[in-house]
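Okay, structure first, notes after.
The values are calculated or read from the model by the stated rules, or taken from the named source; none is laboratory data. The shown structure was predicted, so the numbers you read here are calculated from the model rather than taken from an experiment. Virtual Cβ from ideal backbone geometry, glycine too; neighbours counted across all protein chains shown. Heads up: the accessible areas ignore ligands, DNA and RNA and are worked out on the full protein's heavy atoms, side chains in. Shrake-Rupley method; radii C 1.70, N 1.55, O 1.52, S 1.80 Å.
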Amino acid sequence: MRVAYGGDADVTEADLADGWLALARSWLQQAIDAQLPEPNAIVLGTVDAEGRPATRTVLCKEMRDDGIVFYTNHTSEKGGHLAGRPVASATFPWIGIQRQVTVRGSVTRVSAEETAAYWATRPRGSQLGAWASEQSRPIASRADLERQLAEVTRRFEGGDVPVPPHWGGYLIAAETVEFWQGRNNRLHNRLRVTARDGAVVRLQP
C-alpha cells in the first residue's frame, strides 16, 4: 500500500516565524476544515518502570504556548507511567491532510482549578463514566461495567457530579515540537523547534 504525497505548498522555516503554536493551531484548523475524524486526537507515548514504551490515543484539550494538555485517570496505566517517568511524546496524526505534529517533553499535572474548569464543560455522561471506570484495571464482563455506571448514576442523581479525586489534567511541555509534511518520493518536510532557544532545524526524512 502506497500513497503519493504532495501537491500543496511546502512548509518552510518562515512558517514558524511566529512560533510553533501558531503553526500547530493553523494545521489543527486545517484538519477540522477537512472534517478529519477526531482532529484533536493524539497518539500518546509513555514509558513504564522497565523502560518499555506504551502508546494509546487520547484527546488533546488545550494547545498553549508551554505545551499541550490532556485529561485522564491518574490511577490508569498511563497515569502510573507518568508518575514514575514524567516524560511523554504525543503525535497529532493528520494523515488525511498529509501532516503530523509531535510534541515531546516533561509532564506535569495541571492545577486543580484548571481541572475543575475543564470538568465543568464535560457532558454529564462523560463525568459519570470517569467515576464508573477503574481505568486500566481488569473487569469480569461488560455487564459489570454497566452496573458500576448505574451505581454512580444513582449516587449522584439530582446533583452535580464532582471531579473524581483520581482524575485530572497533564501538561506535556513543548520542549521539542516537530512538524511533518508529506512530500513526493518520500522526501518529506520535517522541521523541529526547540523550546530552549527557539531554534528551527530541518531534518532529513
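The residue of the stretch 43-57 that is nearest to Ala173 (Cα to Cα), among those that are surrounded by fewer than 17 Cβ atoms within 10 Å (Cβ to Cβ) and within 8 Å of the chain's Cα centre (by Cα), is Val43. Just checking, does the stretch 89-97 include any residue being surrounded by fewer than 17 Cβ atoms within 10 Å (Cβ to Cβ), in contact with an Asp or Glu (Cβ under 7 Å, 6 or more places away or on another chain) and not hydrophobic (A, V, I, L, M, F, W, C)? No, that holds for no residue.
Out of all the residues in the stretch 173-187, which are closer than 19 Å to Trp94 by Cα and either in a strand (DSSP E or B) or open to solvent by less than 30 Å² (accessible area, probe 1.4 Å) (or both)? Ala174, Thr176, Val177, Glu178, Phe179, Trp180, Gln181, Gly182, Arg183, listed by residue number. So which residues in the stretch 17-42 are assigned to a helix (DSSP H, G or I), in contact with a helix residue (DSSP H, G or I) (Cβ under 8 Å, 6 or more places away or on another chain) and crowded, with 18+ Cβ neighbours inside 10 Å? Leu23, Trp27, Ala31 - these are the residues of the stretch 17-42 that are assigned to a helix (DSSP H, G or I), in contact with a helix residue (DSSP H, G or I) (Cβ under 8 Å, 6 or more places away or on another chain) and crowded, with 18+ Cβ neighbours inside 10 Å.
For the stretch 1-14, which residues satisfy the criterion of being at pLDDT 95 or above and either in a loop (DSSP other than H, G, I, E, B) or under 23 Å from the mean Cα position of the chain (by Cα) (or both)? Selection gives Asp10, Val11, Thr12.
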